[in-house]
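Step one of this worksheet: look at the structure below.
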Amino acid sequence: MRRITLSLIFITLIGTACQSAPNISAITPPYVDTGVDPDSWSTVPAGEFPLGQESHPTMIGYDFQIMVTDVTVSQYAEYLNSALASGDINFGEFTEEAGEEIWSEEGVGGYYPGDPFQDAHHEEEVKAGDHLYVPFSEGVRLTRDGEIYTAIPEYANHPMTMVTWFGANAYCKFYGGRLPLELEWEKAARGTEIVGEDGLAFPWGEEIHGNNANFYSSFDLFEKMFGKLGNTTPVGFYNGQTYSVDGHVYETLDSASPYGLYDMAGNDWQWLGDDYPDQHYRYMRGGSFYSYEVDLRVWKENNAGPQFYSPQIGFRCVQNEVK
Amino acid sequence: MEALKKRFVYLFTSTRGLALVAIAAVALVTAIWGTLSGPMVEWGVRDITVKVLGMDLSQADREGRIIMLYHTIAMTILAIEVYFITDIVPMKRNEQVMINGIITIGYLTSLIFGLLFAYFGHNYAYHGLFLLGQSLVFFSGILLAAALWPWKKEYYLPEGSPYARTKKGVDWERVAFFTMAVATLLSATWGAVTGSFWANGHETFLAEDLIRHPIHTSLQKAIIGHLHIMLSLVGVAITLIVGRWLDFKGKLHHWAMPIMTLGIIVLTAGALSIVWVEWAHTIIYAGAVPVMLPALFFVIYSWDKLIKEGTADIEKPTFFQKLGALLRDPLKFGTGWQMVFMNFNVSGVGIFMAVRLEQIFRVWPAREERITLTGHWHILAALIATIILFYFADLSGLKGKVRKWFGWTLIITSDIAFGSATIFSMKRLFVDEFSQQPLVNTTMLLIDFGLGIILVLAALFLGWRLYDLFLKNGRWSDEYKNEMKVNAEAELEQQKQKMEELKATLEEISK
């Protein structure tokens, strides 16, 4: 009898876990207006800031501007339509390679002039040619009608994800900007304040709570609605507002960085612009809704091949000229 | 008072008592510190632990804290293995007492003050005591290596011995133990020397965070070599220990011990030479094979032995009778099984990843690679822990149904947890990110279920041992008496030998 009881408990537990959990491609969340303008920019002035986990004093000798939020799905749809119209990008099948493995993917993409190649250990050559920006695949929050892209309305103000580094880089260049460098990104995220001997660990301070950012099991609004792994939240979601959506009330903490930037921790990893010697990887910062909270600390990095895309990777741009 | 004294003597002088204290210490640390991560964070338990104990968890110090936590647990595991070694490998009683005494003070000092420093404010006096504790553990390692010196005549094996020996009679198994001890000491210095550069050109890091950096400093390489070889040597030590437990001998033993000795030397040389040798990985591969091969020989031997012993009274046993005999004692079967299972979870993963090398290492995010890397060595460490528990449960005299329940529960639940962790860590090979939630939910639940049951099982076992300590004539008392008897006999034998030597000297002089 005891064996049967234990077996039943075990089977029930497994059965519960195996129930059809919603995956993020199947989720269509309600549109949530955060009131934060994704077209706004913030100026980061020249000066010293604490870099890395050990807070080394580091100088950035110029002012730069950075987007207050990540590039949204709506903004990216607008870019694709403009760039398609101008002939900068095109639909097609794009060939990517890593080592001896070569594969093709359908989507939209364009030309990239390639990177200097040092042939270092594990380094892959990023060749000049057409590269994939956004695939035609599940998880892209855009609909396509002929050559016109439209953001899925509910996702219009979510960060643009499923975009390769090439696609992120092209977007920023198209509008006269570029992807932020690691140093710039970290300074924009944590500012210059020193508490004790260290710079800020998170854009808003030293401690992190579920209401600060969108991370794994942070119990954000969409986790409450769709399950533990959650989904991206609209850009600028964690701004101190209390949201009431479909009977769910959710209070956020204002979690802007010292320069007023949102989502510099959590929601999605952000592609960066550095091309380091001896490697082909492109770096990312910020952590995503899949990340544990420790990966949201401002100095934590991630990287992937520039042809990689994912529902947890987005980007924002910087400009050298201060308007 | 006398009762307390007896229990104190049992806990801090007998092999079983010392191992019990150390296992209880690891269990306690695991129980408390386990609440700081994983599902405990999601359930809010971490916040309670931090508040109740007054922990100080600065974000910038997290990696340093984890490294100290690993070290405190590692010191304790080393102590447990040393207790087992001094119990089963012949050595002088005074050597055993000295080694066990020093390592006990060492690991307890490093455990207590290491955790106090890391988690309760950075009082550097505690840091100093943490280092002192580790130094004592290192010193006991030197004494152990000296005690294990294989070229002492009294430890030579006679001709025709079923155990591996050289032509002159040197005990190959003792050579393997000795080599393992020396290699461990050498490998520890790699960590210690690098640690001395801390805050002086060397910064705290977790190896898995640096995997894709094209350039590593010599200090970083030294740490990466150190941590890999130390875990490997802990694995080698437990393999040799359980070999003694199950009386590994015969032809396979004759092959296994020289090969193991060679493997330890090559593997250690490979891991440590990573600091300056570009092709160190090739040396590591060359060393890993002769380390794993003896483990395979041990599994073959031990399972064959279980089958033969279990079917001794049957003239022509059928396949199922043989299988029944093999599975009759889960503690002894499980020891070999966990080594086999390790190959699915650790070695298998390595091979599978190598097949998909281009995609995984050149394209996927570093975080995915990190999950696989941290997964495989956590599983390896936990598998070693289960083997230690099998052995200690046997030493504690678990019998009958309790032995079967304990053994099988440990095997099944740990394998569910580790198997699920392996699937979780490799999930990107068969499910893409936006479809992963059902798989993640299932594997996470199975991991938590498996690990949770193991912890409950360990708690029940330790609770039983704790209860037993309150009994006047409990199991502890029998173990204590038995060990006192064995030790007294050993000392008597030593005294007799000494007398013989002294007599011979006097006779020599009077001639």
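Which members of the range A:91-117 meet the condition of being surrounded by fewer than 14 Cβ atoms within 10 Å (Cβ to Cβ), within 12 Å of chain B (Cβ to nearest Cβ) and not small (Gly, Ala, Ser)?
Within the range A:91-117, A:100, A:101, A:102, A:103 meet the criteria.
Within the range A:304-315, take every residue that is farther than 14 Å from residue A:273 by Cα and out of contact with any Asp or Glu (no Cβ under 8 Å at 6 or more places or on another chain) and give me the one that is farthest from the other protein chains (Cβ to nearest Cβ).
Step by step, filter the range A:304-315, then rank; the result is A:309.
Among the residues of the range B:194-216, is there at least one that is away from every other protein chain (no Cβ under 14 Å), under 16 Å from residue B:70 (Cα atoms), out of contact with any Gly (no Cβ under 9 Å at 6 or more places or on another chain) and not acidic (Asp, Glu)?
yes
For the range B:90-132, how many residues are under 23 Å from residue B:152 (Cα atoms) and either small (Gly, Ala, Ser) or part of a helix (DSSP H, G or I) (or both)?
8
Looking at A:38, A:22, A:50, A:45, which is the one that is within 14 Å of chain B (Cβ to nearest Cβ) and modelled with pLDDT of 95 or more?
Exactly one of A:38, A:22, A:50, A:45 is within 14 Å of chain B (Cβ to nearest Cβ) and modelled with pLDDT of 95 or more, namely A:50.
Any idea which of A:126, A:36, A:44, A:71 is touching a His at 6+ places or on another chain (Cβ under 7 Å) and of a type in the set (A, V, I, L, M)?
A:126
Only one of B:264, B:300 is within 18 Å of residue B:242 (Cα to Cα), surrounded by fewer than 18 Cβ atoms within 10 Å (Cβ to Cβ) and at pLDDT 95 or above; which?
Selected residue: B:300, the only one of B:264, B:300 that is within 18 Å of residue B:242 (Cα to Cα), surrounded by fewer than 18 Cβ atoms within 10 Å (Cβ to Cβ) and at pLDDT 95 or above.
Give the residues of the range A:233-281 that are surrounded by 24 or more Cβ atoms within 10 Å (Cβ to Cβ), within 14 Å of chain B (Cβ to nearest Cβ) and hydroxyl-bearing (Ser, Thr, Tyr), sorted by residue number.
Once the filter is applied, which keeps residues that are surrounded by 24 or more Cβ atoms within 10 Å (Cβ to Cβ), within 14 Å of chain B (Cβ to nearest Cβ) and hydroxyl-bearing (Ser, Thr, Tyr), the range A:233-281 yields only A:281.
Of (1) modelled with pLDDT under 90; (2) surrounded by 15 or more Cβ atoms within 10 Å (Cβ to Cβ), residue B:430 satisfies all except one. Which?
Just one mismatch for residue B:430, condition (2).
Search the range B:304-330 for residues being farther than 21 Å from residue B:251 by Cα and in contact (Cβ under 8 Å) with a residue 40 or more places away in the chain, and hand back the single one that is nearest to the chain's Cα centre (by Cα).
B:330
Please determine, by comparing only the residues of the range A:126-177 that are on the phi > 0 side of the Ramachandran plot and not hydrophobic (A, V, I, L, M, F, W, C), which one is modelled with the lowest pLDDT.
Ranking the candidates gives A:146 first.
Among the residues of the range B:429-443, which ones are facing chain A (nearest Cβ under 7 Å) and either among the acidic types (Asp, Glu) or touching a Leu at 6+ places or on another chain (Cβ under 6 Å) (or both)?
B:433, B:437
How about the range A:257-301: which of its residues are more than 20 Å from residue A:208 (Cα to Cα) and either among the polar types (S, T, N, Q) or in a loop (DSSP other than H, G, I, E, B) (or both)?
Once the filter is applied, which keeps residues that are more than 20 Å from residue A:208 (Cα to Cα) and either among the polar types (S, T, N, Q) or in a loop (DSSP other than H, G, I, E, B) (or both), the range A:257-301 yields A:272, A:273, A:274, A:275, A:276, A:277, A:278, A:279, A:280, A:281.
From A:156, A:188, which residue is in contact (Cβ under 8 Å) with a residue 40 or more places away in the chain, among the small types (Gly, Ala, Ser) and closer than 30 Å to residue A:93 by Cβ?
Matching residue, one of A:156, A:188: A:156.
Mind checking whether some residue in the range A:291-303 is within 17 Å of the chain's Cα centre (by Cα) and more than 9 Å from chain B (Cβ to nearest Cβ)?
Within the range A:291-303, one or more residues are within 17 Å of the chain's Cα centre (by Cα) and more than 9 Å from chain B (Cβ to nearest Cβ).
List the number of the failed condition for residue B:248; all other conditions in (1) under 21 Å from residue B:171 (Cα atoms); (2) in a helix (DSSP H, G or I) hold.
All conditions pass for residue B:248, except number (2).
When the range B:358-403 is examined, which residues are found to be polar (S, T, N, Q) and within 14 Å of another protein chain (Cβ to nearest Cβ)?
Scanning the range B:358-403 gives B:359, B:374.
Within the range B:14-27, does at least one residue satisfy the condition of being at pLDDT 90 or above and exposed (fewer than 15 other Cβ atoms within 10 Å of the Cβ)?
No, that holds for no residue.
Give just the number: which of (1) modelled with pLDDT under 95; (2) within 18 Å of the chain's Cα centre (by Cα) does residue B:230 not satisfy?
For residue B:230, the exception is condition (1).
Give the residues of the range A:304-323 that are hydrophobic (A, V, I, L, M, F, W, C), in a strand (DSSP E or B) and either within 9 Å of the chain's Cα centre (by Cα) or crowded, with 23+ Cβ neighbours inside 10 Å (or both), sorted by residue number.
Within the range A:304-323, A:304, A:313 qualify.
Pairs only if they're at least six apart or on different chains, beta carbon under 8 angstrom, first in the range B:63-81 and in contact (Cβ under 8 Å) with a residue 40 or more places away in the chain, second crowded, with 21+ Cβ neighbours inside 10 Å and not in a helix (DSSP H, G or I); list them, first residue then second.
B:63/A:53
The values are calculated or read from the model by the stated rules, or taken from the named source; none is laboratory data. Here the structure is a predicted model, which is why all the values come from computation and not from measurement. FYI the Cβ positions are ideal-geometry reconstructions off the backbone, even for glycines, and counts take in every protein chain you see.
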